[in-house]
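To keep things clear, I will list the structure first and then write my remarks on it.
The values are calculated or read from the model by the stated rules, or taken from the named source; none is laboratory data. This one's a predicted model, so the numbers in the text were calculated from it and none came from an experiment. Heads up, the Cβs are rebuilt from the backbone with ideal geometry, glycines too, and the neighbour counts pull from every protein chain shown.
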Amino acid sequence: MNSVIFRVGSCFVLPFALLLSLYLLWRGHNEPGGGFVGGLVAAAGFASYALPRGYAALKRVMPIDSLQLLAIGLALALLSGLPGLLGNAAFMTHAWTELGGVAVGTALLFDIGVYLTVLGAIITFVGFFLER
């Protein structure tokens, strides 16, 4: 994958993919989409950046190790269900509150966990592919 066009184009794809993934994450927590699709788009952006450059470039642009990202995502998804248990409801019963006129709930925390889990899993796979 030593294409000059791919190498130059991926420099522009990565920031736009990350912005789009964050939009999908935020917009999708009440609509179809959310964490899974946002994580896929972010992973596609990182993969398109890393494929022509190699594993070292992927490690440079990733702010945290992909397995740690996966673990943080799983922990956030698990923690999003605890308010339901603490409120004498079923696990994963979502709670909502309003912060500065914006409705924020545990569903968003769950979607962020899914986003990080998907991103971490795919980047781990891409990292294994690039190491060879």
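Numbers for the structure displayed
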quantity: Neighbours by Cβ (under 6 Å, 6+ apart or cross-chain): first from segment 113-124, without any contact (Cβ under 8 Å) to a residue 12 or more places away in the chain; second among the aromatic types (Phe, Trp, Tyr); calculated: none
quantity: Selection within segment 15-36 - part of a loop (DSSP other than H, G, I, E, B) and either surrounded by 20 or more Cβ atoms within 10 Å (Cβ to Cβ) or of a type in the set (Lys, Arg) (or both); calculated: HIS29, GLY34
quantity: Residues within segment 123-132 that are among the hydrophobic types (A, V, I, L, M, F, W, C) and either crowded, with 22+ Cβ neighbours inside 10 Å or not in a helix (DSSP H, G or I) (or both), tallied; calculated: 1
quantity: Residue in segment 37-58 that is farther than 17 Å from ILE122 by Cα, under 19 Å from the mean Cα position of the chain (by Cα), part of a helix (DSSP H, G or I) and not hydroxyl-bearing (Ser, Thr, Tyr) present; calculated: no
quantity: Out of GLY84, GLY113, GLY120, sole residue that is small (Gly, Ala, Ser), part of a helix (DSSP H, G or I) and more than 15 Å from the chain's Cα centre (by Cα); calculated: GLY84
quantity: One residue from PHE6, PHE12, PHE46 being modelled with pLDDT of 90 or more and surrounded by fewer than 19 Cβ atoms within 10 Å (Cβ to Cβ); calculated: PHE12
quantity: Every residue from segment 18-58 that is basic (Lys, Arg) and in contact (Cβ under 8 Å) with a residue 12 or more places away in the chain; calculated: ARG53
quantity: Residue check for PHE91: free of Cβ contacts under 8 Å to residues at least 24 places away in the same chain and touching a Leu at 6+ places or on another chain (Cβ under 8 Å); calculated: yes
quantity: Residues of segment 59-81 that turn out to be in a helix (DSSP H, G or I) and in contact with a helix residue (DSSP H, G or I) (Cβ under 9 Å, 6 or more places away or on another chain), as a count; calculated: 16
quantity: Output for segment 87-109, where each listed residue is over 20 Å from the mean Cα position of the chain (by Cα), surrounded by 14 or more Cβ atoms within 10 Å (Cβ to Cβ) and of a type in the set (Gly, Ala, Ser); calculated: ALA95
quantity: Search result, residues across segment 89-107 that are part of a loop (DSSP other than H, G, I, E, B), of a type outside the set (A, V, I, L, M, F, W, C) and more than 19 Å from GLY34 (Cβ to Cβ); calculated: GLY100, GLY101
